[in-house]
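What follows is one structure encoded as structure tokens, with my remarks underneath.
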Amino acid sequence: MAQADLLAQMQDWVAIYGPPPLRTELLAALNNARAENGDPPGPADYWQAVAELLVAKGHLDVAREAIKRWQMLAPADHPIHAVMGGGPPPEEKPPAPPPPPKPEPNSRIVRVIDTTYTFQRIEPQMDKVQGRKVKACWETFLDENDKSSRAVVNTFEDGACGPWAVTGVFTDFAGAAAVEVVVRSMQRHFVFTTKKDAKVRKLLAGFGLPLMTVLGVFIGYIMGVLH
């Protein structure tokens, strides 16, 4: 900033904040201000001249503002800091950025009843469920050797989780995993039972009933012979 502009700013400050009876003397102090080495005054020199005159004349309220500005501009080794109790105020540092979010684990372990299941993270199998954006899916197998025993849990962008087997249920991961495991276990039991019953019916129809027919004919023949 040019010397004339700096002096003009100081004069404006005196005109606004300087006590009226003292304004002429303050302007004169500004015009006579010099740096300690005789060079043209800088901002700190102007504020020093104003502050010293205000203190000498007993205008301490206004002097405090001038002293604060003088202290902010003075070199770190200037005696004003010792008088005022400390160096210039530290520069304000921008707030530290928030830590990056922790990456979500690739697996989750859940215990349901007396069995522990490890769910592995997989890509979402669908975009939304009942209007909720699916963030990730978690997969496990009730029987490691049976790929049809697959159980899946969805996690959503709002933090809720839902079992794949039952839509409309939104809870935490442990709750969703428990619902998924129990429902899938019941489904598997029903399928196995149905298959077993069907196999029995097929056996009876393909072998049992013809055998009973043969036995019936044979028994009838024997009874006819005996009579």
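Within the stretch 27-45, the set of residues being touching a Lys or Arg at 6+ places or on another chain (Cβ under 9 Å) and either farther than 18 Å from A63 by Cα or not acidic (D, E) (or both) comprises P40, P41, P43, A44.
If only one of R201, R188 is surrounded by 11 or more Cβ atoms within 10 Å (Cβ to Cβ), more than 20 Å from T118 (Cβ to Cβ) and either at pLDDT below 90 or among the basic types (K, R) (or both), which one is it?
Exactly one residue qualifies, and that residue is R201.
Would you please name the residue that is modelled with the highest pLDDT, looking only at residues in the stretch 1-37 that are part of a loop (DSSP other than H, G, I, E, B) and open to solvent by 50 Å² or more (accessible area, probe 1.4 Å)?
Residues of the stretch 1-37 part of a loop (DSSP other than H, G, I, E, B): 1-2, 18-19, 33-37.
With the extra rule that they be open to solvent by 50 Å² or more (accessible area, probe 1.4 Å), the set shrinks to 1-2, 34, 36-37.
Numbers: M1: 57, A2: 66, R34: 77, E36: 71, N37: 70.
The residue in question is R34.
Listed by first and then second residue, the pairs with beta-carbon distance under 6 Å, at least 6 apart or on different chains, first residue in the stretch 102-122 and more than 14 Å from V179 (Cα to Cα) and touching a residue at least 24 places away in the same chain (Cβ under 8 Å), second of a type outside the set (D, E) and open to solvent by 100 Å² or more (accessible area, probe 1.4 Å), form an empty list.
Of T194, T171, T155, which residue is hydroxyl-bearing (S, T, Y), modelled with pLDDT of 90 or more and surrounded by 10 or more Cβ atoms within 10 Å (Cβ to Cβ)?
After applying the criteria, what remains is T155.
The values are calculated or read from the model by the stated rules, or taken from the named source; none is laboratory data. These figures come from a predicted structure and were not determined experimentally. Methodologically, a virtual Cβ is constructed for each residue, glycine included, from the backbone with ideal geometry; neighbour enumeration extends over all protein chains shown. To get the accessible areas, we keep the full protein, side chains included, count just its heavy atoms, and leave off ligands, DNA and RNA. Shrake-Rupley method; radii C 1.70, N 1.55, O 1.52, S 1.80 Å.
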